[in-house]
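Accompanying notes for the structure given below.
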Amino acid sequence: MNYYPHHIGDFNSATRHLTRIERSVYRDLIELYYDTEAPLSQDIDKLCRLLIARSDDEQNAVVQVLHEFFVESEQGWRHARCDAEIARYHGNKEAKSAAGKASAAKRARQAGMPARQAADQQPLNIRATNQEPQPEPQPEPQPERPQPESTIPKAAPMRSGKPAFDAAECALPDWLDRADWACWVADRKARKKPITQEAARRQLQQLAGYRAEGVAARDVIAHSIASGYLGLFPPRSAARVTAPHPSRQRAQWSSELRSVLAEGHVRGEIDMGVIDASR
């Protein structure tokens, strides 16, 4: 394809959270996809060379954009919007070719020559130059008869052998509330970007990673929906749960012991940690 429709509003709403480098890399990946009319290579180094992504920031942007907007398959990195536009382009091309052949066949029938011969050559002017041109008789239009409704064939509804994947019904870990996950799935559907099976698996992995860093999955989902993101990103002000430093813990124990002694009575139990007697 040497042309593809670019919807500015859709692109801006989907990439508003990206950096300038990531937005530029995303456009380059889409144009490469349309130019080759095939999924992108799974070889990241080869893909970076094709995009002239040489710096670390540019190469990291390639990886980030691929995982957020593309789906990895056996054929390579696929993009649903690009696949639909390529299929529509070839469908229009075949329709125009069929219309041209039908027009050539119609001219052949009117001229009384084989359809293949009419398609290969243009009709020649066989009238003598010293004669006045005579108007060609036009067939009288025949009124169209309405076809009975009972005889009109109805198109059978298309059925897919494989049921569509519903991200809201997929298995969830115990620490993730289904209502929060359902809100995230519904928001993606409302933006006409439903979550695929592979995307759901990777996003659950992302939520698990954020949870390990101390950010609740509910906060990540709420922040992503409120910001209009298509991916899951934690709020910048999210607090990380970290274990207290040993020196700070010992200082806390000493302060607690001094306060107990100052009150003039002995506390029943004070956790002093583990004493290493081997030293």
Taking every alpha carbon pair in region 1-47 and sorting the distances into 10 angstrom bins from 0 up to the bin holding the longest one, the percent per bin comes out as 23, 50, 27, 0
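If R0 is 22 Å, what FRET efficiency do you get for residue 179 and residue 212 from their C-beta distance, rounded to 0.05?
FRET efficiency, residue 179 to residue 212: 0.50.
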Rounded to two decimals, the Debye log10 I(q)/I(0) of region 1-117 (Cα scatterers, no solvent) at q = 0.09, 0.17 Å⁻¹ is -0.38, -0.85
The answer for trypsin sites (Lys or Arg not before Pro) in region 3-89 that fall in a DSSP coil and have at most 13 neighbouring Cβ atoms within 10 Å is 16, 54
Using alpha carbon centers only, region 164-184 is separated from region 52-79 by a whole-angstrom value of 26 Å
Under a 1.4 Å probe, counting only protein heavy atoms, residue 58 has an accessible area in Å², nearest 10, of 60 Å²
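Which of the chymotrypsin sites (Phe, Trp or Tyr not before Pro) found in region 166-228 are in a DSSP loop and have at most 11 neighbouring Cβ atoms, other than their own, within 10 Å? List each step's numbers first, then the result.
Details: sites: 175, 181, 184, 210; in loops: 175.
Filter output for region 166-228: 175.
The values are calculated or read from the model by the stated rules, or taken from the named source; none is laboratory data. Remember, it's a predicted structure, so these values are computed and weren't measured experimentally. Using ideal geometry, Cβ is built from the backbone for each residue, glycine included, and neighbour counts are taken over all protein chains shown. SASA here: full protein model, heavy atoms, side chains in, ligands and nucleic acids out. Shrake-Rupley method; radii C 1.70, N 1.55, O 1.52, S 1.80 Å.
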